[in-house]
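> Quick one: the structure is below, and I'll ask about it shortly.
The values are calculated or read from the model by the stated rules, or taken from the named source; none is laboratory data. As the structure is a computational prediction, the values presented were derived from the model and not from experiment. Heads up, the Cβs are rebuilt from the backbone with ideal geometry, glycines too, and the neighbour counts pull from every protein chain shown.
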Amino acid sequence: MAENEEKVEEAQQAPEMFESDMEQVKRLQEGYKTIKEELSNNIVGMQDVVEQLLIAIFCRGHCLLVGVPGLAKTLLIKSLSMCLDLEFNRIQFTPDLMPADITGTEVIQEDKSTGERELVFIKGPVFANIILADEINRTPPKTQASLLEAMQEYQVTAGGRKHDLSLPFFVLATQNPIEQEGTYPLPEAQLDRFMFNIYVDYPSAQEEMDIMKLTTTIQDLQLKKVLGGEEILNIQEIVRKVPIADHVIEYAMNMVRATRLTKPEAPDFIKEWLSWGAGPRATQYLILGGKARALLYGRYYVSCEDVAAVSHPVLRHRLITNFTAEAEGITTDTITDRLLEHVPKT
């Protein structure tokens with residue numbers, strides 16, 4: 001116990017590097033509080049969802065929001081974009097959507113003064129800072145894949161030319177988990193590009209009462225801009241500077257390595273319920289998510305509790321259950337709960 005306390009104290013004493021960034025960190029914490037207050041004018045509840053969205057944004061990550069229709073997933077993302085001084089575009093994914101409808105296309109234009117013709121690239125809706133990919137599983141794989149390069153490389157290739165996207169850049173996608181007819185499930189390789197898979201649950205009875213009062217009257221709210229693009233880019237750099245002790249990194253690694261059923265670290269319940277475990281990107285996002293959460297909570301070091309707090313949205317779409325788990329009604333969240341009990345916070 002004393003050894004663990006020494007490790008925490010060591011991590012707490014590490015942020016001399018933060019002296020030049022302290023003002024920006026305070027701005028982040030104030031901005032986080034203000035954004036939550038602003039969103040409460042338009043959104044009822046969903047505090048955990050808002051926190052996870054902001055953590056992903058401050059970590060330079062993308063999010064997939066999963067929930068049944070009518071839970072305000074789209075409204076939440078639009079409201080969040082109002083609080084951030086960034087360019088926002090919504091793309092409604094449909095079965096007939098083509099890749100060029102997202103990335104843009106080259107057209108022939110004639111210079112009226114010279115009569116010369118040239119190819120000009122017309123940018124698509126992906127050229128914005130925040131992209132709402134609505135019902136992303138309703139479009140074919142070819143169109144889904146057109147987002148891959150943008151999400152990973154922050155660029156679009158059209159006609160053999162690369163076109164850089166403006167930073168910061170986030171893809172916030174929504175997905176309906178109950179209507180599977182006429183949908184195209186995202187492949188695991190593309191799911192892995194999303195930092196978080198955020199589950200949006202039904203509201204409580206009191207929250208639903210508040211929703212009814214809020215949405216059945218005249219409402220025309222304009223939310224205040226809280227953070228701008230330059231500030232968000234600075235915050236993303238600061239998040240990566242947050243010191244983290246080796247034992248916290250080991251905790252994140254042990255949790256992810258325990259999901260690999262062919263490895264000796266895997267417990268029996270993993271071998272019974274999983275057909276595939278998480279890769280190294282899961283550990284990276286556990287650590288980055290823990291760093292951002294620590295800053296939001298006013299701390300300049302990462303604890304095992306920070307890593308545990310982001311484990312569900314990180315692992316939810318990276319653990320592939322087998323037939324046994326599906327037959328027993330075991331979800332990836334259930335398995336993550338068991339992992340949190342199994343892996344010690346050393």
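> For the range 216-236, check the following and say yes or no: at least one residue is within 17 Å of the chain's Cα centre (by Cα), within 30 Å of S79 (Cα to Cα), among the polar types (S, T, N, Q) and assigned by TED's automatic domain parsing to the domain that holds Q144.
yes
> May I pose another question? Is at least one residue of the range 41-51 under 13 Å from L172 (Cβ atoms) and touching a residue at least 12 places away in the same chain (Cβ under 8 Å)?
Yes; the residues of the range 41-51 include at least one that is under 13 Å from L172 (Cβ atoms) and touching a residue at least 12 places away in the same chain (Cβ under 8 Å).
> Would you mind stating whether N197 is assigned by TED's automatic domain parsing to the domain that holds G61, over 25 Å from I235 (Cβ atoms) and buried (at least 18 other Cβ atoms within 10 Å of the Cβ)?
no
> Further, regarding this structure: Within the range 304-346, which residues are part of a helix (DSSP H, G or I) and of a type in the set (V, I, T)?
Scanning the range 304-346 gives V307, V314, T324, T332, T334, I335, T336.
> Kindly indicate whether F121 is in contact (Cβ under 8 Å) with a residue 12 or more places away in the chain and touching a His at 6+ places or on another chain (Cβ under 8 Å).
yes
> Please go through the range 252-286 and pick out each residue that is of a type in the set (A, V, I, L, M) and either buried (at least 22 other Cβ atoms within 10 Å of the Cβ) or touching a residue at least 12 places away in the same chain (Cβ under 8 Å) (or both).
Those that are of a type in the set (A, V, I, L, M) and either buried (at least 22 other Cβ atoms within 10 Å of the Cβ) or touching a residue at least 12 places away in the same chain (Cβ under 8 Å) (or both): A252, M253, M255, V256, A258, L261, I270, L274, A278, A282, L286.
> Here is a check on your reading of the model: is S81 more than 20 Å from M195 (Cβ to Cβ) and of a type in the set (G, A, S)? Full working, then the answer.
On the way: more than 20 Å from M195 (Cβ to Cβ): no; of a type in the set (G, A, S): yes.
When the stated conditions are applied, S81 does not pass them.
> Is at least one residue of the range 228-247 surrounded by fewer than 14 Cβ atoms within 10 Å (Cβ to Cβ) and assigned to a loop (DSSP other than H, G, I, E, B)?
No, there is no match, as no residue in the range 228-247 is surrounded by fewer than 14 Cβ atoms within 10 Å (Cβ to Cβ) and assigned to a loop (DSSP other than H, G, I, E, B).
> Determine, yes or no, whether V126 is surrounded by 15 or more Cβ atoms within 10 Å (Cβ to Cβ) and either without any contact (Cβ under 8 Å) to a residue 60 or more places away in the chain or in contact with a strand residue (DSSP E or B) (Cβ under 8 Å, 6 or more places away or on another chain) (or both).
So V126 passes the test.
> Tell me the residue from L65, L97, L84 that is closer than 18 Å to Y184 by Cβ, touching a Lys or Arg at 6+ places or on another chain (Cβ under 9 Å) and buried (at least 23 other Cβ atoms within 10 Å of the Cβ), please.
Values: L97 fails: buried (at least 23 other Cβ atoms within 10 Å of the Cβ); L84 fails: closer than 18 Å to Y184 by Cβ.
Within the list L65, L97, L84, the selection yields L65.
> Restricting to the range 24-62, and then to whatever is part of a loop (DSSP other than H, G, I, E, B) and among the aliphatic types (A, V, I, L, M), can you tell me which residue is surrounded by the most Cβ atoms within 10 Å (Cβ to Cβ)?
Among them, the one singled out is M46.
> Hey, among Q29, Q92, Q109, Q47, which residue is touching an Asp or Glu at 6+ places or on another chain (Cβ under 7 Å) and either modelled with pLDDT under 85 or more than 29 Å from D164 (Cα to Cα) (or both)?
Every option except Q109 fails the conditions.
> Follow-up. Do you know which residues across the range 63-112 are in a loop (DSSP other than H, G, I, E, B) and either aliphatic (A, V, I, L, M) or not assigned by TED's automatic domain parsing to the domain that holds P168 (or both)?
V68, L71, A72, L86, L97, M98
> Can you tell me which residue is farthest from E51 (Cα to Cα) among those in the range 275-295 that are hydrophobic (A, V, I, L, M, F, W, C) and assigned to a helix (DSSP H, G or I)?
A282
> Something else now. Filter the range 160-172 down to the residues that are within 14 Å of I102 (Cα to Cα) and within 12 Å of the chain's Cα centre (by Cα) and list them by number.
Correct list: V171 only.
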